[in-house]
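Participant: Dropping the structure in here first, questions after.
The values are calculated or read from the model by the stated rules, or taken from the named source; none is laboratory data. For clarity, every value in this text was computed on a predicted model and none was experimentally measured. We place every Cβ from the backbone using ideal geometry, glycine too, and count neighbours over all the protein chains shown. In case anyone asks, the SASA skips ligands and DNA or RNA and just uses the protein heavy atoms, side chains included. Shrake-Rupley method; radii C 1.70, N 1.55, O 1.52, S 1.80 Å.
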Amino acid sequence: MSKVHQSIRRKLLAWYDKTKRDLPWRDTKNPYNIWVSEIMLQQTQVKTVLPYYLRWIKTFPTVEKLAGASERKVLKLWEGLGYYSRARNIRKAAQIIVKDVNGKVPDTEAGLMALPGIGRYTAGAIASIAFGLKAPVLDGNVKRVLSRLFCLNENGATSASENRLWQKTADLLPTRRPGDFNQALMELGATVCTPKSPTCLQCPVRTSCEVFRQGTLELFPPAKKKAPAKKIEVSAAIILRNRKIYIQQRAKGGLMGGLWEFPGGKREKMESMEDCLRREIKEELGASITILDKVMTIKHTYTQFRVTLHVFNCRLNGQRLRPNGCEQWKWVSPAQLATYPFPAANVKIVKYLTDEISKTRD
Ligand code: SF4
């Protein structure tokens, strides 16, 4: 066993014991709670996750409660957290656990990885933290720390590079306290060895760190090529009839699948926003509309694109609707709207409707 590895383990664990953040999922070894926190923390910062985690555990304190919940309730609780397949998968996995394995979260990496939404990272985190197994983890923080600690010219951008980093994190993992060590490594990346300005002078493992020794910090990890976020312009219609508003559920297999939305869509080249909306409503609802006025413009950034959403009050010409391409559609009152899960940009329309329009329009 390498002396460098031993020294890193000892110092990192001592530092973790002294400085670790007090987080609600660290008070427990309950595999369900740890699983929920790990799924929420994928691509999402701790401060964003905290209120969602607390609400979730209060609403669904056990695997059984989650398995018995409706998809709508689960997605509503996840609303705003993004990557909604995580919410659909954790519910599906809970149903499998209750039906096939007596309600017990599997206690091996292989058993965990057989469930929907649990990959190698999440399986390693649950297995090591909840069950004390020597199972490595590799997330963005760990990749960065490893690249810097050992001067590895790796960023995980290819599967070969990812495999080499998995091997490195497995080599470094101790048999004793693997769950704490994994958390310490991730904590170091989140709080000290940060992407832009690591605080090396406060780092517990700086004397073992190759880039610190060589003064080559800016070279590690090697930069990944990143495509700039695409800009898209989208129109959306608020259609009222008998004091009810038309909403539709997005197809379950697609982006933000299972969430509800106001009808509309992406502007095509040379099209005005109004023409775009009339065309989209014709295509989606098989109906024509009269556009009354513009309500608001909403800007929202998702991971791969930046959306500008133009929202209009509209009236249906005629009564017949032939919606297609959605899972289902409904006319709901402004008060009922708040019980449906919507993508983040649409939540602002819901707020507008519940605050303002319900009292004033027909
Ligand atoms: Fe990261 Fe600096 Fe610590 Fe090296 S010394 S692990 S670069 S914070």
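Participant: Any idea which of Ser197, Ile97, Ala160 is furthest toward the positive side of the dipole for the chain, if Lys and Arg beta-carbons carry +1 and Asp and Glu beta-carbons -1?
Facilitator: Ser197
Participant: Also, I was wondering about something else. Would you please classify the overall shape of segment 136-221 from the alpha carbon gyration tensor, given that a ≥ b ≥ c denote the square roots of the eigenvalues, rounded means a/c under 1.5, and beyond that prolate means a/b larger than b/c while oblate covers the rest? Before the final figure, lay out each step's value.
Facilitator: On the way: a/c = 1.65, a/b = 1.13, b/c = 1.47.
Note, shape of segment 136-221 comes out oblate.
Participant: Then there is this: Could you tell me how many degrees, from 0 to 90 and to the nearest 10, lie between the Cα long axis of helix 120-131 and the main elongation axis, the longest principal axis, of the Cα atoms of the chain?
Facilitator: 60 degrees
Participant: Quick one: ranking Trp15, Trp35 by accessible area, 1.4 Å probe, largest first, what do you get? Please report the intermediate quantities before stating the final value.
Facilitator: On the way: Trp15 40, Trp35 0 Å².
Of Trp15, Trp35, the descending order of accessible area is Trp15, Trp35.
Participant: Could I ask something else about it? Against the longest alpha carbon principal axis of the chain, how many degrees, from 0 to 90 and to the nearest 10, is the axis of helix 159-172 turned?
Facilitator: Computed tilt is about 50 degrees.
Participant: Angle between the Cα long axis of helix 46-59 and the longest principal axis of the chain, 0 to 90 degrees, nearest 10?
Facilitator: Helix 46-59 sits at roughly 70 degrees to that axis.
Participant: Something else: Quick one: with all protein chains in place, what share of the accessible area of segment 6-96 is carbon or sulfur, to the nearest percent (1.4 Å probe)? Present the calculation step by step, with values, prior to reporting the outcome.
Facilitator: On the way: 2280 of 4360 Å².
Summing carbon and sulfur atoms, their accessible area is 52 percent of the total for segment 6-96.
Participant: Determine the per residue accessible area of the chain with all protein chains present and a 1.4 angstrom probe, expressed in square angstrom. Intermediate results must be reported in sequence, preceding the final value.
Facilitator: Numbers: 18290 Å² over 362 residues.
That works out to 51 Å² per residue.
Participant: Quick one: 3J(HN,Hα) in Hz for segment 302-313, Karplus 6.51/-1.76/1.60 with θ = phi - 60°, rounded, Gly and Pro as x.
Facilitator: Values per residue, Gly and Pro as x: 9, 4, 9, 8, 10, 9, 10, 10, 9, 10, 10, 7 Hz.
Participant: Could you sort Phe131, Phe150 by accessible area so the largest value comes first, with the probe set to 1.4 Å? Don't skip to the answer; put the middle values down first.
Facilitator: Details: Phe131 70, Phe150 35 Å².
Greatest to least solvent exposure: Phe131, Phe150.
Participant: Indicate the gyration tensor shape class of segment 262-362 (rounded, prolate or oblate), computed on the Cα atoms with a ≥ b ≥ c the square roots of the eigenvalues: a/c under 1.5 is rounded; otherwise a/b larger than b/c is prolate and the rest oblate. Walk me through the intermediate numbers first.
Facilitator: Details: a/c = 1.34, a/b = 1.03, b/c = 1.30.
It is rounded, given that a/c, with a ≥ b ≥ c, falls under 1.5.
Participant: Hey, which of these cross-link pairs are over 32 Å Cα-Cα: Lys76/Lys294; Lys76/Lys196; Lys29/Lys225; Lys143/Lys351; Lys18/Lys225; Lys73/Lys225?
Facilitator: On the way: Lys76/Lys294 27 Å; Lys76/Lys196 34 Å; Lys29/Lys225 38 Å; Lys143/Lys351 40 Å; Lys18/Lys225 37 Å; Lys73/Lys225 38 Å.
In this structure, Lys76/Lys196; Lys29/Lys225; Lys143/Lys351; Lys18/Lys225; Lys73/Lys225 lie more than 32 Å apart at Cα.
Participant: If you don't mind, another one. Around Arg176, what is the net charge, scoring Lys/Arg as +1 and Asp/Glu as -1 over all other residues with Cβ under 11 Å from its Cβ?
Facilitator: On the way: positive: Arg9, Arg10, Lys134, Arg177; negative: Asp180.
So the surrounding residues net to +3.
Participant: With θ taken as phi - 60° and the coefficients 6.51, -1.76 and 1.60, list the Karplus ³J(HN,Hα) couplings across segment 259-268 in order, rounded to whole Hz; mark glycine and proline as x.
Facilitator: Per residue, the Karplus-derived 3J(HN,Hα) values read 7, 9, 7, 8, x, x, x, 7, 6, 8 Hz.
Participant: Rounded to the nearest 5, what % of DSSP beta bridges with both residues in the chain are antiparallel? Please list the in-between numbers first.
Facilitator: Numbers: 23 of 33 bridges.
Bridges in the chain that DSSP calls antiparallel: roughly 70 percent.
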